[in-house]
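The values are calculated or read from the model by the stated rules, or taken from the named source; none is laboratory data. Note that the coordinates shown come from a computational prediction; the quantities given were computed from them, not determined experimentally. Here Cβ is always computed from backbone atoms with ideal geometry, including for glycine, and neighbour counts include all displayed protein chains.
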Amino acid sequence: MKVFVEGIGLRAPGIANWPAGKAVLQTLHARGVPDFQLTAPALLPPAERRRATDAVKLAIEVCSEACAHAERDPQTLASVFASSGGDGATITAILEVLAGDAPEISPTRFHNSVHNAPAGYWSIGTQSMAASTSVCAYDWSCGAGLLEAASQAASTGQPVLLALYDLRYPAPLQAARPIKDSFGIAFVLTPHETPRSLAAFALALRPRRGETITGLPEASWEALRHSNPAARALPLLRALTASRVQTVDLDYMAHSLLRITVTPLGTTVR
């Protein structure tokens with residue numbers, strides 16, 4: 001199955017956008033940057049802006065950048081939002097209230113706890129009536145999101161926006177689910193090559209027979225890849241910075257892998 005990348009959005013510790021990330025991923029100098037701060041998205045109406053959680057802010061931030069990079073109207077794009085576990089901070093807050101003397105959950109907290117909350121805020125902010133799918137597959141959510149978005153683009157013949165995001169979990173959840181860094185990425189995927197295409201992704205789901213999952217050669221970046229399920233996409237991003245065809249193997253479920261052949265279009269990926 002082949003799709004084409006038109007736009008990329010990226011937010012990670014020390015990386016504010018895709019141009020900054022592209023420069024970093026080409027050199028892979030050691031990281032040492034603390035987690036980042038997020039601001040309420042300007043595209044949301046004031047009431048939703050006040051209610052938006054960090055998960056919503058991160059998803060909207062990378063989606064907005066990817067759409068702008070692709071020069072696509074976000075209102076027209078079907079979307080896939082993939083996260084390994086959703087909004088850990090909101091779940092923690094709800095559990096703390098339930099364990100207290102007055103177990104009364106606010107409606108805002110409740111609706112922010114739902115896994116498709118970022119997709120809902122995105123559709124409100126962009127006034128999009130296009131279809132949206134929210135995916136959760138634990139540590140394999142990156143591959144699951146890529147497969148879902150690519151399948152939709154290939155089967156419908158229409159472009160699809162994909163967001164992959166996971167945020168650090170607060171204590172005490174972090175002891176059980178140690179996501180220590182936040183990370184978000186978005187792609188605009190199309191079924192056909194266009195003048196805006198940056199690269200082609202050829203995806204194949206294969207049984208795993210001892211193959212090594214593609215990693216990163218620098219220890220601190222490899223630690224980020226392991227620490228955040230959305231950051232499993234880092235080798236794919238690094239392949240996009242190269243000028244030659246590369247193959248990336250992503251872990252997918254217990255006995256499978258997702259093999260993605262990345263073919264740059266043109267001399268460089270902008």
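In table form, for the structure just shown:
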{"item": "Contacts under 7 angstrom Cβ, first residue in region 101-130 being free of Cβ contacts under 8 Å to residues at least 40 places away in the same chain and within 16 Å of R50 (Cα to Cα), partner part of a helix (DSSP H, G or I) and among the hydroxyl-bearing types (S, T, Y), 6 or more apart", "result": "R109/T90; S113/T90"}
{"item": "Residues satisfying the stated conditions in region 1-27, i.e. out of contact with any Ser or Thr (no Cβ under 9 Å at 6 or more places or on another chain) and in a loop (DSSP other than H, G, I, E, B)", "result": "G14, A16, N17"}
{"item": "Residue among G21, G14 that is of a type outside the set (S, T, Y) and under 21 Å from F201 (Cβ atoms)", "result": "G21"}
{"item": "Selection within region 77-93 - assigned to a helix (DSSP H, G or I) and either in contact with a Ser or Thr (Cβ under 6 Å, 6 or more places away or on another chain) or in contact (Cβ under 8 Å) with a residue 60 or more places away in the chain (or both)", "result": "G88, A89, T90, I91, T92"}
{"item": "Helices (runs of 4 or more DSSP H) wholly inside region 117-193 containing at least 1 residues that are out of contact with any strand residue (DSSP E or B) (no Cβ under 7 Å at 6 or more places or on another chain) and crowded, with 24+ Cβ neighbours inside 10 Å", "result": "117-126"}
{"item": "Hits in region 233-246 - residues which are closer than 18 Å to W140 by Cα and out of contact with any helix residue (DSSP H, G or I) (no Cβ under 6 Å at 6 or more places or on another chain)", "result": "P235, L236"}
{"item": "Test: T108 is surrounded by fewer than 18 Cβ atoms within 10 Å (Cβ to Cβ), of a type in the set (S, T, N, Q), touching a helix residue (DSSP H, G or I) at 6+ places or on another chain (Cβ under 8 Å) and modelled with pLDDT under 95", "result": "yes"}
{"item": "Pair list, Cβ under 8 Å, 6 or more apart: region 23-37 residue among the aliphatic types (A, V, I, L, M), other residue in a loop (DSSP other than H, G, I, E, B)", "result": "V24/G14; L25/T241; L28/L216; L28/P217; L28/E218; A30/E218; V33/P13; V33/G14"}
{"item": "Residue list for region 196-226, filter: farther than 19 Å from V245 by Cα, free of Cβ contacts under 8 Å to residues at least 40 places away in the same chain and exposed (fewer than 12 other Cβ atoms within 10 Å of the Cβ)", "result": "R209, G210"}
{"item": "Exclusive hit being of a type outside the set (D, E) and under 19 Å from P191 (Cβ atoms), set P159, P118", "result": "P159"}
{"item": "Count of residues meeting criterion [in a loop (DSSP other than H, G, I, E, B), under 20 Å from the mean Cα position of the chain (by Cα) and within 14 Å of G143 (Cβ to Cβ)] in region 194-213", "result": "1"}
{"item": "Residues located in region 223-255, provided they are modelled with pLDDT of 95 or more and more than 19 Å from W18 (Cβ to Cβ)", "result": "P229, V245, T247, D249, L250"}
{"item": "Region 46-72 - residue that is modelled with pLDDT of 95 or more and surrounded by fewer than 17 Cβ atoms within 10 Å (Cβ to Cβ) and, of those, nearest to the chain's Cα centre (by Cα)", "result": "A68"}
